[in-house]
Every structure is written in structure tokens, then in C-alpha cells.
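The values are calculated or read from the model by the stated rules, or taken from the named source; none is laboratory data. On a predicted model such as this, the values are computed, not experimentally measured, just so you know. Glycine also receives a Cβ, built like all others from the backbone with ideal geometry; neighbour counts cover every protein chain displayed.
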Amino acid sequence: MVDRVRFAFTEVDPSLGALSTLPYLPIVLTYQNQSLRVSGLLDTGSSVNVLPYEMGLRLGAVWERQRLSVPLGGNLSKFEARAVVMTANVEQFPPVELAFAWTKDRNAPLILGHMNFFLAFDVCFYRSELTFEVSPKKS
């Protein structure tokens with residue numbers, strides 16, 4: 001099994017070129033037998049993983065069934081968020097459970113933050129090369 005995979009940064013705004021490149025990671029989220037291939041922003045400044053509202057619905061999550069409220073900061077602080085746990089697959093690595101703050105904000109990106117993406121994976125950024133490497137945490 002491969003122990004690390006390198007990815008290219010994603011250009012968000014073609015008019016800005018390399019200035020708008022960000023580390024988006026392709027990932028497959030699974031919740032109650034529903035799967036969705038998405039891209040999550042690797043955000044070392046985010047304390048938690050954040051799941052956009054519509055994405056949670058597409059995966060079959062029911063807002064009213066998620067009882068644990070999660071406070072968010074920054075520009076997401078005005079939106080309610082609830083805890084939800086999903087299975088995540090990154091490349092050919094073993095699946096991991098990720099806890100998300102599922103936000104009511106319909107415009108939020110999928111954010112992969114410290115709790116608990118960066119506890120499950122090591123990430124090395126090569127900004128000058130516009131790439132990053134991901135490897136699963138060693139047991």
C-alpha cells in the first residue's frame with residue numbers, strides 16, 4: 001500500500017492564477033450507505049471539520065436527528081451547527097471516521113480542520129510547487 005499521495009493545489013479563480021490556488025483534497029464521504037465524491041479545503045486554521053448543509057442532506061443526514069450543537073467561530077459563527085460523524089475515504093488509504101460541524105450555512109465550503117482530519121492524517125504543504133502530500137496517521 002502507498003503510504004503518501006501528492007496532490008496539486010486547485011485554482012479557484014482563473015483570472016488570478018497561482019494567487020488563487022488552494023489545497024482542496026478529493027475525498028469520498030459516506031453516511032448511512034450514501035456516498036458522495038467531494039473536495040474539501042485543507043484548513044490548518046480551522047479547529048473543526050465543517051460540512052455544508054446541502055452536502056449533509058445529499059448524504060441522507062436529517063438535521064432534526066442531530067442533537068449535539070457545535071459552536072462555530074469566524075464568519076460561520078452566526079449559523080447553527082450540529083455534530084455528525086461520517087466515514088471518509090482518501091485515495092487508497094483505509095477509511096476513517098471524521099466528525100463534522102454540519103452548518104446551516106448553505107454557502108460554506110467543506111472544510112477539513114484539526115478536529116479531526118489533521119488528527120487522522122499528516123499533511124505536508126509544498127506551496128512553491130503548488131502541491132501537498134497526505135499520509136494516514138501511523139498507528
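Brief remarks on what is shown
- Positions within region 104-131 being in a strand (DSSP E or B), farther than 28 Å from residue 77 by Cβ and more than 15 Å from the chain's Cα centre (by Cα), in sequence order: 124, 126, 131
- Residue check for residue 40: closer than 15 Å to residue 100 by Cα and either among the charged types (D, E, K, R) or assigned to a helix (DSSP H, G or I) (or both): no
- Qualifying positions in region 43-64 - touching a residue at least 12 places away in the same chain (Cβ under 8 Å), of a type in the set (Asp, Glu) and not in a loop (DSSP other than H, G, I, E, B): 54
- Which numbered condition residue 89 misses (of (1) polar (S, T, N, Q); (2) over 24 Å from residue 128 (Cβ atoms); (3) touching a helix residue (DSSP H, G or I) at 6+ places or on another chain (Cβ under 9 Å); (4) crowded, with 16+ Cβ neighbours inside 10 Å): (3)
- The numbered conditions (1) more than 30 Å from residue 131 (Cβ to Cβ); (2) without any contact (Cβ under 8 Å) to a residue 12 or more places away in the chain; (3) not β-branched (Val, Ile, Thr) are all true for residue 74 except (1).
- Taking region 8-37 as the range and being under 19 Å from residue 93 (Cβ atoms) and not in a strand (DSSP E or B) as the test, only 23 passes.
- Considering the conditions (1) modelled with pLDDT of 95 or more; (2) loosely packed, with under 15 Cβ neighbours inside 10 Å; (3) small (Gly, Ala, Ser); (4) farther than 14 Å from residue 131 by Cα, residue 8 is excluded by exactly one of them, (4).
- Residue match in region 80-103 (condition: in contact with a Lys or Arg (Cβ under 8 Å, 6 or more places away or on another chain), touching a residue at least 24 places away in the same chain (Cβ under 8 Å) and assigned to a loop (DSSP other than H, G, I, E, B)): yes
- Test set (1) modelled with pLDDT under 95; (2) within 11 Å of the chain's Cα centre (by Cα); (3) not aromatic (Phe, Trp, Tyr) - residue 73 fails condition number: (2)
- Region 43-67 - residue that is hydrophobic (A, V, I, L, M, F, W, C) and within 10 Å of residue 101 (Cβ to Cβ) and, of those, surrounded by the fewest Cβ atoms within 10 Å (Cβ to Cβ): 48
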